[in-house]
Amino acid sequence: MRVIVELNREAVGRRAAQFVADLVRREPTCVLGLATGGTVLGMYAELVRLHREEGLDFSRVVSFNLDEYVGLGPSHPQSYRFFMQQHVFDHINIDVRNTHVPDGRALDFEAHSEQYEKMIKEEGGIDLQVLGIGTDGHIAFNEPGSSLGSRTRLKTLTEETVRDNARFFGSMEDVPQLAVTMGVGTILESRRCLLLACGDAKAKAVRNTVEGPVTAQVTASALQLHREVVAIVDEDAGRLLERRDYYRQVEQAQTLLRSGRAPQIAADR
Ligand code: PGA
């Protein structure tokens, strides 16, 4: 796993947007896996800026979101479809018919989950999956104990996640207890992953993810099994990483590689 430690939240957002924008320029018909939450807001703001000011073209991009709360429809202000429209889709030239968010009001979640997986396959799979991380180490809503081979399905949120997300709802009672979420296995099939984390509250989860054992108790740690993951964290979220100096050294080598002063080989995954 490549680990990039940036100075602050804003720098994480800009760096993450660079990765996404590079892919969209290189492969204009790419399939993006998208995430919601506080962490990704900076990245989306920068992508909107790149679209407005530099003409970054999303017209042929396809997207799949990770998850949605059960019971919330697209017009509910806390639904993830609403979040995506509000912060991203309404401000770029993506074709809304090419954007996919699981349906929190599906009548048959089993059938809906299977269909979601099928749609991802039909689009050729996800080229780049953006991920946040929960304080409990979850990716998407794959709470501790989720099977590392899991696929899209319903998941019960932990009390910790409900508490973390209550800030968006006003009270814990208003946070849905269930979500429909891509599985760890679904995420591991994407071609590349970009894991973002900001703030002190994420420091332990980041350490466990990057330097701990692979375990279903920290579902983000399954990313250690993936061939191409870049984790971008700010100083606070990276505070407990024991090998920070080495990660910096790797980034210096990467800069050398890009400048052409070192052999062009794919390195440091
Ligand atoms: P956050 O959520 O970005 O709002 O902290 C991340 C997550 O729970 O995956």
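Over all directions, what mean area does the Cα convex hull of the chain project, stated in square nanometres? Let's see the in-between values first.
Values: hull surface 54.4 nm².
Projected over every direction and averaged, the Cα hull of the chain covers 13.6 nm².
In whole percent, what relative contact order does the stretch 84-154 give with Cα contacts below 8 Å and a gap of six or more residues?
Values: 27 pairs, mean separation 18.4, N = 71.
Reported relative contact order: 26 percent.
Counting only protein heavy atoms, what percent of the accessible surface of the stretch 2-259 is carbon or sulfur at a 1.4 Å probe? Before the final figure, lay out each step's value.
Numbers: 5600 of 11410 Å².
Carbon with sulfur: 49 percent of the solvent-accessible area.
Protein chains only, probe 1.4 Å: how do Glu189, Glu211, Glu46 rank by accessible area, largest first?
Values: Glu189 110, Glu211 55, Glu46 30 Å².
Per-residue accessible area, sorted high to low, gives Glu189, Glu211, Glu46.
What accessible area, in Å² to the nearest ten, does a 1.4 Å probe give for Ile4?
0
Can you give the translational diffusion coefficient of the stretch 70-143 in µm²/s, computed by Stokes-Einstein from the Kirkwood radius over Cα pairs at 25 °C and 0.890 mPa s? If you can, show how the numbers build up before the last one.
Values: Rh = 14.1 Å.
Reported coefficient: 174 µm²/s.
What are the residues whose amide H is under 5 Å from the amide H of Val218, where those residues sit 5 or more places off or on another chain and H is modelled from the backbone?
Gly145
I want the local charge near Val180. Using Cβ-Cβ distances under 9 Å, sum +1 for each Lys or Arg and -1 for each Asp or Glu among the other residues.
Details: positive: Arg153, Lys155; negative: Asp67, Glu68, Asp103.
For residues surrounding Val180, the net value is -1.
Under a crude label model (7 Å from the Cα following the beta-carbon direction), how far is Gln249 from Asp174 in nanometres?
5.0
Taking the full set of protein chains and a 1.4 angstrom probe, give the accessible area of Arg163 in square angstrom, rounded to the nearest 10.
Rounded to the nearest 10, that gives 130 Å².
Please give the charge dipole size of the chain, origin at the Cα centre, charges +1 on K and R Cβ atoms and -1 on D and E Cβ atoms. Round to the nearest 20 debye.
Values: 32 positive and 38 negative charges, 152 e Å.
Computed charge dipole of the chain: roughly 720 debye.
Using a Cα-Cα cut-off of under 21 Å, which lysines could be cross-linked to Lys118, ignoring same-chain neighbours fewer than 8 residues away?
Partners found: Lys155.
Leaving out ligands, DNA and RNA but keeping every protein chain, what accessible area does Met172 have, in Å² rounded to the nearest 10, with a 1.4 Å probe?
70
Can you grab the distance from the C-alpha centre of the stretch 121-190 to the C-alpha centre of the stretch 41-116, Å, no decimals?
That distance is 15 Å.
Helix-only estimate, please: 222 nm mean residue ellipticity of the chain, summing -39500 (n - 2.57) across DSSP H runs of length 4 or more and dividing by its residues, to the nearest 500. Write out the running numbers ahead of the final one.
Details: 8 runs with 95 residues, N = 269.
Mean residue ellipticity, 222 nm, calculated: -11000 deg cm²/dmol.
What is the ratio of the Cα radius of gyration of the stretch 126-172 to 2.2 N^0.38 Å, with N the residue count, to two decimals?
1.26
Net charge near Arg151, counting Lys/Arg +1 and Asp/Glu -1 over other residues with Cβ under 12 Å of its Cβ?
Details: positive: Lys118, Lys121, Arg153, Lys155; negative: Glu110, Glu114, Glu117, Glu189.
With Lys, Arg at +1 and Asp, Glu at -1, the net is 0.
May I ask which residue of Gly37, Ala21, Met172 lies farthest towards the positive end of the charge dipole of the chain, with charges of +1 (Lys, Arg) and -1 (Asp, Glu) on Cβ and the Cα centre as origin?
Value: Ala21.
Picking from Val250, Ala222, Thr209, whose Cα lies most toward the positive end of the charge dipole for the stretch 168-269 (charges on Cβ: Lys, Arg +1; Asp, Glu -1)?
Val250
Please list, in order along the stretch 136-143, the HN-Hα scalar couplings obtained from phi with the Karplus expression 6.51 cos²θ - 1.76 cosθ + 1.60 (θ = phi - 60°), rounded to whole Hz, x for Gly and Pro.
Each residue of the stretch 136-143 in turn: 8, x, 6, 10, 6, 9, 7, 6 Hz.
Run the numbers for Val214 and Glu122: contour at 0.36 nm per residue of separation, minus the present Cα-Cα distance, in nm. List each step's numbers first, then the result.
Numbers: separation 92, 0.36 × 92 = 33.12 nm, distance 3.00 nm.
Result: 30.1 nm gained on full extension.
The values are calculated or read from the model by the stated rules, or taken from the named source; none is laboratory data. All values reported here derive from a predicted model rather than from experimental measurement. When we count neighbours, we look across all protein chains shown, and the Cβ atoms used for this are built from the backbone with ideal geometry, even at glycine. SASA here: full protein model, heavy atoms, side chains in, ligands and nucleic acids out. Shrake-Rupley method; radii C 1.70, N 1.55, O 1.52, S 1.80 Å.
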